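Participant: Take a look at the following structure, please.
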Amino acid sequence: MKNHFELKMPSDGVNEGFARGVAAAFCLPLEPTLEQLSDVKTAISEAVTNAVVHAYDGVGEIRLFGELDEDAHTVRFVVEDDGKGIEDVQAALQPFYTTRPDDERSGMGFTIIETFMDDMRVTSSPGSGVRVEMMKVMK
Amino acid sequence: MGLEFKRRGKDLCLTLSGDLDEYTARSLKAEADRLIEARGFSTVTLDMGGVTFMDSTGLGFVLGRYKKLRGMRVEMLLKNVPPQVDKVFRTSGVYSLIPIVED
């Protein structure tokens, strides 16, 4: 069995929780453990929060895509925006790095996605938005 | 995100409940700081028992309070950390700064 979905939503903070719920529900056919489900919710929360906080001055669009392959026991998600993009992706991936230190941002978002998921890829350049791809094997 | 507080002797215990994410944390900082700035205690214990979800925003909130309290020479402690929250804390190494206490 394979499944997929595509979702557009505004970069409003209320959608951090909404996106977590959508991602968790989507994984259920793979019969994830509680920990695996928590891992997905946490990683999605990080990526969506990054877009809410950083992508736009004001509110813009966030797109969430999901793909599931029951035979391969994998789930993939993409969180994408059309915002200002990341100046230095390598720096952004470093633990504790943040462009908003005064906001009490921990700078751990990408580190958490990398740790909680099995694969992560971040694509961005200034002015071209951000695309975060992540994958988890749920056996 | 609910915040309740209780004073037990020289300890101020802050009990959090619900999801702790960027959206719910927005009002939490002001509320927590108001309680902290009242002073008159030597420790602040964060009871995480009712936290149903936390991401790195929660980490930022905890570390922000830790820095503030350190400036006031008040010790911070964590209590009743649920598994999902514990995993986020362990990933960031927060326990090297803030110990967990048993009840």
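Read-outs throughout are calculated quantities, based only on the coordinates presented, and are distinct from any laboratory measurement. Computed from a prediction, not measured in an experiment: that's the story for all the values here. Note: ideal-geometry Cβ built from the backbone for every residue, glycine included; neighbour counts use all protein chains shown.
Participant: Of all residues in the range B:13-29 being hydrophobic (A, V, I, L, M, F, W, C) and within 12 Å of chain A (Cβ to nearest Cβ), which is farthest from residue A:38 (Cα to Cα)?
Facilitator: So, considering only residues that are hydrophobic (A, V, I, L, M, F, W, C) and within 12 Å of chain A (Cβ to nearest Cβ), the one farthest from residue A:38 (Cα to Cα) is B:28.
Participant: Right, residue B:65: free of Cβ contacts under 8 Å to residues at least 12 places away in the same chain and either crowded, with 16+ Cβ neighbours inside 10 Å or basic (Lys, Arg) (or both) or not?
Facilitator: No; evaluated as a whole, the condition is false for this residue.
Participant: Determine whether the range B:55-64 contains at least one residue that is within 14 Å of chain A (Cβ to nearest Cβ), farther than 19 Å from residue A:50 by Cα and outside any loop (DSSP other than H, G, I, E, B).
Facilitator: No; the residues of the range B:55-64 include none that is within 14 Å of chain A (Cβ to nearest Cβ), farther than 19 Å from residue A:50 by Cα and outside any loop (DSSP other than H, G, I, E, B).
Participant: Here is a list: A:51, A:91, A:23. Which entry is out of contact with any Asp or Glu (no Cβ under 6 Å at 6 or more places or on another chain), assigned to a helix (DSSP H, G or I), buried (at least 19 other Cβ atoms within 10 Å of the Cβ) and among the small types (Gly, Ala, Ser)?
Facilitator: So the residue among A:51, A:91, A:23 that is out of contact with any Asp or Glu (no Cβ under 6 Å at 6 or more places or on another chain), assigned to a helix (DSSP H, G or I), buried (at least 19 other Cβ atoms within 10 Å of the Cβ) and among the small types (Gly, Ala, Ser) is A:23.
Participant: Which members of the range A:1-44 meet the condition of being within 14 Å of chain B (Cβ to nearest Cβ) and charged (D, E, K, R)?
Facilitator: Once the filter is applied, which keeps residues that are within 14 Å of chain B (Cβ to nearest Cβ) and charged (D, E, K, R), the range A:1-44 yields A:12, A:16, A:20, A:35, A:39, A:41.
Participant: Another question about this same structure. Report yes if residue A:107 is on the phi > 0 side of the Ramachandran plot, within 14 Å of chain B (Cβ to nearest Cβ) and without any contact (Cβ under 8 Å) to a residue 60 or more places away in the chain, otherwise no.
Facilitator: Yes, satisfied.
Participant: From (1) more than 14 Å from chain B (Cβ to nearest Cβ); (2) under 22 Å from residue A:63 (Cα atoms); (3) not in a strand (DSSP E or B), pick out the condition that doesn't hold for residue A:122.
Facilitator: Of the numbered conditions (1) more than 14 Å from chain B (Cβ to nearest Cβ); (2) under 22 Å from residue A:63 (Cα atoms); (3) not in a strand (DSSP E or B), the odd one out for residue A:122 is (3).
Participant: Take residue B:86 and decide whether it is among the charged types (D, E, K, R), within 14 Å of chain A (Cβ to nearest Cβ) and touching a Lys or Arg at 6+ places or on another chain (Cβ under 9 Å).
Facilitator: no
Participant: Could you say whether any residue in the range B:37-53 is within 14 Å of chain A (Cβ to nearest Cβ), crowded, with 17+ Cβ neighbours inside 10 Å and in contact with a strand residue (DSSP E or B) (Cβ under 9 Å, 6 or more places away or on another chain)?
Facilitator: Yes.
Participant: Could I ask something else about it? Would you check which residues across the range B:45-82 are of a type in the set (Asp, Glu) and over 13 Å from the mean Cα position of the chain (by Cα) and list them?
Facilitator: If the condition is that a residue be of a type in the set (Asp, Glu) and over 13 Å from the mean Cα position of the chain (by Cα), then B:55 is the only one that fits.
Participant: Continuing with this model, one more query. Scanning the range B:16-46 for residues that are part of a strand (DSSP E or B) and touching a Leu at 6+ places or on another chain (Cβ under 7 Å), which turns out farthest from residue A:17 (Cα to Cα)?
Facilitator: Taking the candidates together, the pick is B:43.
Participant: Go through the residues of the range A:80-90 one by one and say whether even a single one is polar (S, T, N, Q), free of Cβ contacts under 8 Å to residues at least 12 places away in the same chain and within 14 Å of another protein chain (Cβ to nearest Cβ).
Facilitator: No: the range A:80-90 contains no residue that is polar (S, T, N, Q), free of Cβ contacts under 8 Å to residues at least 12 places away in the same chain and within 14 Å of another protein chain (Cβ to nearest Cβ).
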